[in-house]
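Heads up: the structure comes next, in structure tokens.
The values are calculated or read from the model by the stated rules, or taken from the named source; none is laboratory data. This one's a predicted model, so the numbers in the text were calculated from it and none came from an experiment. Backbone-built Cβ (ideal geometry, glycine too); neighbour counts: all protein chains shown. SASA here: full protein model, heavy atoms, side chains in, ligands and nucleic acids out. Shrake-Rupley method; radii C 1.70, N 1.55, O 1.52, S 1.80 Å.
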Amino acid sequence: MTDTGYDEWLAAIADGEGYYLACPDGHGSLPPRRSCPHCGAAELTAEPLPKTGEVLTFTEVHVPAPDFADEAPYVTAIASFGPVKLTGVVRDLPADEVDLGTAVSVGVDENATTGESLLVFLPASE
């Protein structure tokens with residue numbers, strides 16, 4: 001099953017043109033959206049996703065769900081990118097180097113188990 005709005009958003013991130021949706025009150029959300037989940041505003045504009053984010057929380061997964069069987073062990077994290085939070089798999093950074101506040105950039109890679117596109121966090125380039 002595909003989700004056209006989400007697939008288009010992942011493609012934009014892969015092309016280096018990541019974005020989020022902002023309402024007139026400045027709330028951020030991710031596509032696909034027709035209205036702001038915070039205030040209900042129907043006017044949403046695409047705004048550039050910040051180039052770097054900060055890890056807010058993370059966990060190292062050793063017993064994965066079936067769709068991630070070939071990824072384990074791996075670190076999954078939630079990172080803040082300005083007004084939005086993203087969930088992704090950490091790549092190119094050893095698990096013992098991931099910590100709260102770690103600076104990351106966002107990208108797209110392939111899930112080793114399913115072959116589908118996967119949102120990933122990479123070490124932020126300084």
### Task
Pick out the one residue from E54, E47 that is closer than 25 Å to P31 by Cβ, of a type outside the set (A, V, I, L, M, F, W, C) and either within 13 Å of the chain's Cα centre (by Cα) or part of a loop (DSSP other than H, G, I, E, B) (or both).
E54
### Task
Looking only at the range 59-67, decide whether some residue is touching a Ser or Thr at 6+ places or on another chain (Cβ under 9 Å), closer than 24 Å to V104 by Cα and open to solvent by less than 20 Å² (accessible area, probe 1.4 Å).
no
### Matching option when the condition is open to solvent by 70 Å² or more (accessible area, probe 1.4 Å), without any contact (Cβ under 8 Å) to a residue 40 or more places away in the chain, at positive phi and of a type outside the set (S, T, N, Q), among D92, D15, D25
D92
### Summary
Filter the range 95-121 for residues that are buried (at least 16 other Cβ atoms within 10 Å of the Cβ) and among the hydrophobic types (A, V, I, L, M, F, W, C); the one that is nearest to F68 (Cα to Cα) is L118
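Do we have any residue at all in the range 26-41 that's farther than 20 Å from S80 by Cβ and among the polar types (S, T, N, Q)? If you could, list the steps in order and put the result at the bottom.
Pass one, the range 26-41, residues farther than 20 Å from S80 by Cβ: 32, 34-35, 40-41.
Remaining after also requiring among the polar types (S, T, N, Q): 35.
The answer is yes, given that some residue of the range 26-41 is farther than 20 Å from S80 by Cβ and among the polar types (S, T, N, Q).
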